[in-house]
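Take a look at the structure set out below.
The values are calculated or read from the model by the stated rules, or taken from the named source; none is laboratory data. Note that the structure is predicted; figures quoted are calculated from it, not measured. In this analysis, Cβ positions are derived from the backbone assuming ideal geometry, glycine residues included, and neighbour counts consider all displayed protein chains.
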Amino acid sequence: MIALTGTTGQLGHLVVENLLRQNVDPSSIVAIVRNPAKAENLAAQGLQVRQADYADEAALTAALKDVQRLLLISSSELGQRTAQHGRVIAAAQRAGVSEIVYTSLLHADSSSLDLAQEHLATEQQITASGLSFTILRNGWYTENYTASIPAALANGALVGCAGEGRIASAARADYAEAAALVLSHPAPLTGTIHELAGDESYTLSEMAAEVARQSGKTIPYQNLPEEVYRDILLSVGLPEPLASGLARWDVAASHGALFDDSRQLSQLLGRPTTPMAHSVNTALNQIP
């Protein structure tokens, strides 16, 4: 039996879709969710929906009963991830889970991104647990940047502070498909760490040029000081921790933190990763 945390999240629901596309029996998939009311569509598809919260180790242990493989999708609560993930790992040990697949961060052991600290701590907890494991070190989602396209079109420029740093991102769906393939693999990829990123890399200047090409509008990239970019993000309603984080991560990207050219993701998928231009097109088509 396979279980997933974060099943109703942006990545989790795509992993489920891929598992079902691979003809995995829905009754053998356990969706661990905080709010079962948000998972009614999963239950309707035949999945087992079990309630548990990252703060409740006992509930997590119960939710993991009879589970062999667990996909631990990293929590979205920055600063709390290490403790939250630790409870999931402890619950997996108590429940007799055989293998944990964890969605970590690209180059978590050497990344300059401050996000890496909690991911690396989780990896260390998993390896110390004695459970079999597969670590999927996910790079950036292209959607992290295409989400800015509506604002770029409205304001006449794509803004950020990533300089000319090259970003080897892939579509969220690519990472979800890779996770599903690992979960459903007949022979566990035990003890392996995968650095996952897009086949191609681009700068934000190149993304802006692609947005301009497809939209027919003049959209330059405007590189800003970190504080200025943070203040812009605050002005559009982002909470301070996220606005500050996005600005810091852009600066890290300017120094190569989001680059990788090993093509391990496409090797797992058995196909090329989704091109940035395709993700731009998808984003443009979603604008009302």
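Residues checked against (1) surrounded by 15 or more Cβ atoms within 10 Å (Cβ to Cβ); (2) part of a strand (DSSP E or B):
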| site | (1), (2) |
| --- | --- |
| A3 | yes, yes |
| S27 | no, no |
| A55 | no, no |
| S74 | yes, no |
| T82 | yes, no |
| A90 | yes, no |
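Looking at D114, D109 in this structure, which one is of a type in the set (D, E) and farther than 26 Å from D199 by Cβ? Write out each step before concluding.
Details: D109 fails: farther than 26 Å from D199 by Cβ.
Sole residue among the options that is of a type in the set (D, E) and farther than 26 Å from D199 by Cβ: D114.
Take segment 101-129 and flag every residue that is among the acidic types (D, E), closer than 30 Å to I232 by Cβ and either in contact with a Phe, Trp or Tyr (Cβ under 9 Å, 6 or more places away or on another chain) or modelled with pLDDT under 95 (or both).
Residues of segment 101-129 that are among the acidic types (D, E), as a first pass: 109, 114, 118, 123.
Within this subset, residues satisfying the condition of being closer than 30 Å to I232 by Cβ are 114, 118.
Passing the criteria: only D114.
Let's see how each residue does on (1) aliphatic (A, V, I, L, M); (2) at pLDDT 95 or above:
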{"residue": "A3", "(1), (2)": "yes, yes"}
{"residue": "E17", "(1), (2)": "no, yes"}
{"residue": "A37", "(1), (2)": "yes, no"}
{"residue": "Q48", "(1), (2)": "no, yes"}
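In this structure, is S132 more than 17 Å from S74 (Cα to Cα), at pLDDT below 95, surrounded by fewer than 20 Cβ atoms within 10 Å (Cβ to Cβ) and not assigned by TED's automatic domain parsing to the domain that holds S279? Even if it seems obvious, please write down each step before you answer.
Working: more than 17 Å from S74 (Cα to Cα): yes; at pLDDT below 95: yes; surrounded by fewer than 20 Cβ atoms within 10 Å (Cβ to Cβ): yes; not assigned by TED's automatic domain parsing to the domain that holds S279: yes.
So S132 fits the description; yes.
Within segment 103-142, how many residues are part of a loop (DSSP other than H, G, I, E, B) and among the polar types (S, T, N, Q)? Outline the logic, then answer.
Taking segment 103-142 and keeping what is part of a loop (DSSP other than H, G, I, E, B), we get 106-115, 130-131, 139-140, 142.
Next cut, among the polar types (S, T, N, Q) only: 110-112, 142.
Going through segment 103-142 one residue at a time, the tally reaches 4.
In segment 143-216, which helices (runs of 4 or more DSSP H) lie fully inside it and hold 3 or more residues that are touching a residue at least 24 places away in the same chain (Cβ under 8 Å) and over 23 Å from I73 (Cα atoms)? I'd like the intermediate steps shown before the answer.
Working: elements: 143-146, 149-155, 172-184, 204-215.
Those helices (runs of 4 or more DSSP H) span 149-155, 204-215.
I'm trying to understand the selection: among the residues of segment 225-235, which are surrounded by 19 or more Cβ atoms within 10 Å (Cβ to Cβ) and either among the hydroxyl-bearing types (S, T, Y) or in a loop (DSSP other than H, G, I, E, B) (or both)?
Across segment 225-235, the qualifying residue is only Y229.
Among residues belonging to segment 257-288 that are closer than 19 Å to V211 by Cβ and among the hydrophobic types (A, V, I, L, M, F, W, C), point out the one that is surrounded by the most Cβ atoms within 10 Å (Cβ to Cβ). Steps first, please.
Step one: of segment 257-288, the residues closer than 19 Å to V211 by Cβ are 258, 274-288.
After this cut, where a residue has to be among the hydrophobic types (A, V, I, L, M, F, W, C) as well, the list is 258, 276-277, 280, 283-284, 287.
Working: L258: 27, M276: 23, A277: 16, V280: 21, A283: 20, L284: 15, I287: 10.
The residue in question is L258.
Under 7 Å between Cβ atoms, at least 6 apart or on separate chains: pull out the pairs that start in segment 240-255 with a residue that is within 12 Å of I167 (Cα to Cα) and free of Cβ contacts under 8 Å to residues at least 60 places away in the same chain and end on any residue that is in a helix (DSSP H, G or I) and not small (G, A, S).
Going by the 7 Å Cβ cut-off, there are no qualifying pairs.
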